[in-house]
Ligand SMILES: Cc1cc2nc3c(=O)[nH]c(=O)nc-3n(C[C@H](O)[C@H](O)[C@H](O)COP(=O)(O)OP(=O)(O)OC[C@H]3O[C@@H](n4cnc5c(N)ncnc54)[C@H](O)[C@@H]3O)c2cc1C
């Protein structure tokens, strides 16, 4: 496994830096979406620079389910084959209710579905980039437009600034770039999720399925990554104070064990034997679907992608894959609009004008797709967090009307790069 450290990469400069034309696209955030966007641009022959606030690549959240649509995007990025070697196919899903009206439903999945270690995914994306593509330890604090040229200026934590022609904010649910776009802060569900991985030295006994077990308003999800490694995530109703405990994995584990103390022994054992380093704790966030449809996601040549644009609950397993799709569509739009302009001569400021047109095209292609995903995910979040039977009933009706085929979201094809 490759670990990308700050010293492997470019160091921050000490003064205002006008990037050379080949580095005029700056991506804020080196998570799944930022790295995928840089790679998609690289595959189209367009250079970019990723600014990541951490000192190394972050892979918090242990593992991530990638459904059929996500694999189509990974194919376009050229990393699908490498990633297939790291995880087994997941063939179906099962839902088990252990409350009074115990029941079980199972379904076979079509297409390709695997659960990847997040470290495998981000390393595969980063390894395919040129060596100086990521600048670590570089936190963007705020963005403004240059008063005369309208070029975006990024103000960094260390006091330096970087000017670029295009800024793509892939800086997650609490994005500094989305603040610049005047987007509303993301909303929070009354739900908390613990995630982790458990290694079974002589192999686990579980089928190649994604199993969700429900009891007492707690949902335990479990999916195998390999024959000896399992990813799990446990969602429970919770208060806002909960987020502060994330820095203490032993405490996270104890709280989680407490929430599942009436679950079957194999589930309790799975959490008890989990790798402490893999544990993470998150309060689930969302950008409301109506904001996705009405919000303005471009100001000048600044835009957002991934969670910075459309953070959603994990209920569909689509947030990360939607970010991969964003990367493909944005890179395609940019390469179409910029391919016939010489950025060095740039007569009549055509580059800036065409970047704006490319962003508009990208947003046009993405808005309906992410609004639909967000709506479906938002409704499931409301269903899980609500204790009112009336509210639950209304949500179920809405789901049946709007999302008759609940797995249709996996059939989406973001197209060629
Ligand atoms: C419990 C849970 C389970 C999930 N399960 C799945 C799943 O199975 N499948 C799926 O597809 N999705 C899943 N998701 C969603 C998925 O994790 C996210 O959609 C995805 O990680 C978003 O990637 P991103 O790159 O947009 O943002 P992030 O992963 O948040 O990355 C943002 C990056 O930007 C950096 N950064 C932030 N601010 C700055 C700044 N100011 N300057 C510089 N750098 C900055 C951060 O350090 C980080 O590296 C799940 C989410 C949760 C909460």
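The values are calculated or read from the model by the stated rules, or taken from the named source; none is laboratory data. This is a predicted model, so every value here is computed, not measured. Note that we place each Cβ from the backbone using ideal geometry, even for glycine, and neighbour counts take in every protein chain shown.
Here's the yes/no breakdown for (1) modelled with pLDDT of 95 or more; (2) outside the structural domain of residue 405 (by TED's automatic domain parsing); (3) within 16 Å of the ligand (Cβ to nearest atom):
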position: 46; (1), (2), (3): no, no, no
position: 55; (1), (2), (3): yes, no, yes
position: 59; (1), (2), (3): no, no, yes
position: 62; (1), (2), (3): no, no, yes
position: 74; (1), (2), (3): yes, no, yes
position: 80; (1), (2), (3): yes, no, yes
position: 99; (1), (2), (3): no, yes, no
position: 126; (1), (2), (3): yes, no, yes
position: 139; (1), (2), (3): yes, no, yes
Touching a strand residue (DSSP E or B) at 6+ places or on another chain (Cβ under 9 Å), at pLDDT 95 or above and near the ligand (Cβ under 8 Å from one of its atoms): does that describe residue 312? yes
Of all residues in segment 26-56, which are assigned to a loop (DSSP other than H, G, I, E, B), under 18 Å from residue 336 (Cβ atoms) and touching a strand residue (DSSP E or B) at 6+ places or on another chain (Cβ under 6 Å)? 48
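If I go through segment 194-217 residue by residue, how many of them are in contact with a helix residue (DSSP H, G or I) (Cβ under 7 Å, 6 or more places away or on another chain) and within 14 Å of the ligand (Cβ to nearest atom)? Steps first, please.
Taking segment 194-217 and keeping what is in contact with a helix residue (DSSP H, G or I) (Cβ under 7 Å, 6 or more places away or on another chain), we get 194, 196-198, 213.
Going one step further and asking which of them are within 14 Å of the ligand (Cβ to nearest atom), we end up with 194, 196-197.
Total satisfying the criteria: 3.
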Some residue of segment 63-81 being over 28 Å from residue 175 (Cβ atoms) and crowded, with 20+ Cβ neighbours inside 10 Å: no
Is it the case that segment 370-378 has a residue that's free of Cβ contacts under 8 Å to residues at least 24 places away in the same chain and either over 22 Å from residue 192 (Cβ atoms) or not assigned by TED's automatic domain parsing to the domain that holds residue 219 (or both)? no
Looking across segment 290-334 at residues that are over 19 Å from residue 178 (Cβ atoms) and not in a helix (DSSP H, G or I), the single one that is farthest from the chain's Cα centre (by Cα) is 317
Can you find a residue that is at pLDDT 95 or above and surrounded by fewer than 13 Cβ atoms within 10 Å (Cβ to Cβ) anywhere in segment 402-409? no
